[in-house]
Amino acid sequence: MRFAELSLHPTLLQNVAHFAAPTPIQQAAIPPVLAGRDVIAIAQTGTGKTAAFALPLLQRLMAAPKAGPRSPRALVLSPTRELAAQIGESLEGFERDTRLTHEVIFGGVGEERQKQALRAGCDIVVATPGRLLDLLGQRAVDFGKLEVFILDEADRMLDMGFLPDVKRVIAQLPVKRQTLLFSATMPDDITALAARILQHPVRVEVTPPATTVERIAQSVFFVEQQQKRPLLLHLLSGADVRRVLVFTRTKHGANRVAETLDKAGVAAAAIHGNKSQGARERALDGFKTGKLRALVATDLAARGIDVDGVSHVIQIDLPEVPEQYVHRIGRTARAGRDGVAWAFCSSDDRPLLKDIERTIRLKIDSVTHPFTGPGAPAQNWETPGHEQQRPQQHGRRGGPGGGRGGSHGRGGGRGPDGGGRTSTSASAGGRGPSSPSSSSSSRVRSFGPGRR
C-alpha cells in the first residue's frame, strides 16, 4: 500500500514522500481516524504509531479554522518528556506547509515560555500530565474547543502512576470529541479507562515483526553484584561493542555505573528522572551523535530513547517485571540491523530470570567469563567443548514478538517510525519459537580474557 491510497491531503503526502510505505499500524489506524471514529490501537513503540495519529489529525485540523489563543484543538498526552519531545519533532516535519502549529509542554524547564506560546495560540498541545495540570490550574490553557484527544503510551501512564492525573486532565475536556488511545498492552485498568472515555471505538492491533527479535543474540552472564561493573568493563573492551545502552534498576545505580565507565575511559552518561531536562537532552544528543559510547538508563527514563544503531543492550540488573526485558532488548536490532542483548544475573536474580524465560518461552544461553561467581547454576552447566569466543556471534536469536521495528523506516521498506505486522488476535505481542523445558539445561559458551 502507498500513502496516496489513504486519502491524505497532497501537502501531507509531500511531507511523507521520503518514506517508502505506510506501516501496518498506519494502514489500519489512519482510515478510521480520518472517518472521525474513536480508536484503540495496540502497538509497540517503533511501529509507526506517531504518524498513525498525527497525519489524520493534521488533515482534520487543516479543514477547520483555528480556535484562537489559549484554545488548542487537539491534545496529545504523553508519559515522559522525551516521548513528548519526539512527538513534537515528528509533528514539525508532518506540519510543513500546513500553517498548523504545536507546542510541547513538560516539566523540568521554565513554564513562562510555554505559557507565552499558549497565549499566542497553537493548534496542537503535546504534554505530560503533571505540567499540563499545573497550567490548567493557572488557566493558561482552555480545552473548551478541543476536537481530538490522543492518549499515547497508556499502559506506561499506568506503570508510572499517572492514571489519576490522566483522569483529572480528561475531566477538563469536552465530552463531545474524538478520542484515540494508543498502548503496547491493555491491562485491566486501561481497558476500564478505554470503556469510559471512548465511544464505539475501532480496535487495531499490531504485532511487531518476529524477524526483529530473531536478529537479537541474547545471552545471560551469571555474576554476583560486586563483580557486575568489572564484568561490564571487561565486555566493553571489545571493539565490536560500539554503541551500548546499559540498564540499571535504580537512579543511584545508573550514576555509579556511568561514573565507573567514565573513569575507565569509556565515554558515558546516566539518564534518569532526577536529571535536569538539559542534562537529559545533552546525554541523548551525545549518544545519538556518537560522542558517548554508552548511555546508562533506568527503565522509565529509557522509555523516550529512540536511537538507531544501538549495537548492544546490557542489563546490569534484571527487571522485576518480565515484560520490561522485552522492551529493553528491543532497543537494539532496529532498522534491519542485527543486535546483541546481554543480561547479568546474580544469585538473588535467579527467580527474575526464570520469570523472564517463562514469559518469553525461551531458555537464554549462558556464557562463562572471568567473573563467574556462585550465582551461576553450575550443576546445570555443560563443559564448553570449543574455543572461547565473543557471545554476540553465537547468542540464541528469537524470543518474544515484542521487539521493535526500525524507528524511522528509511531505506528499509517501512514507513515513518518503524514497522510491524497487523493482527486480529487478542495478543499485542508474539511469543518465541521455543519454550524452556524443566529437564533441559542452558547452553553454555565460554568468554575468557584476551579474546576479542
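What the table below lists for this structure:
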quantity: Distance in nm between pseudo-label sites at Gln172 and Thr98 (7 Å out along the Cβ direction from Cα); calculated: 2.3
quantity: Fewest-first sequence of Ile87, Ile105, Ile190 by Cβ atoms within 10 Å of each Cβ; calculated: Ile190, Ile87, Ile105
quantity: Computed lengthening from Thr191 to Met1, 0.36 nm per intervening residue step minus Cα-Cα distance; calculated: 65.3 nm
quantity: Neighbour-count order for His18, His272, fewest beta carbons within 10 angstrom listed first; calculated: His18, His272
quantity: Neighbour-count ranking [beta-carbon atoms within 10 angstrom, fewest first] of Lys275, Lys228; calculated: Lys275, Lys228
quantity: Listed residue pairs exceeding 19 Å between alpha carbons, taken from Lys251/Lys363; Lys145/Lys176; Lys228/Lys263; Lys66/Lys167; calculated: Lys251/Lys363; Lys66/Lys167
quantity: Projected-area mean, the stretch 39-125, by convex hull of Cα positions, square nanometres; calculated: 6.0
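Values in this text are rule-based calculations from the coordinates and carry no lab data. Keep in mind it's a predicted model, so treat the numbers as computed, not measured. Glycine also receives a Cβ, built like all others from the backbone with ideal geometry; neighbour counts cover every protein chain displayed.
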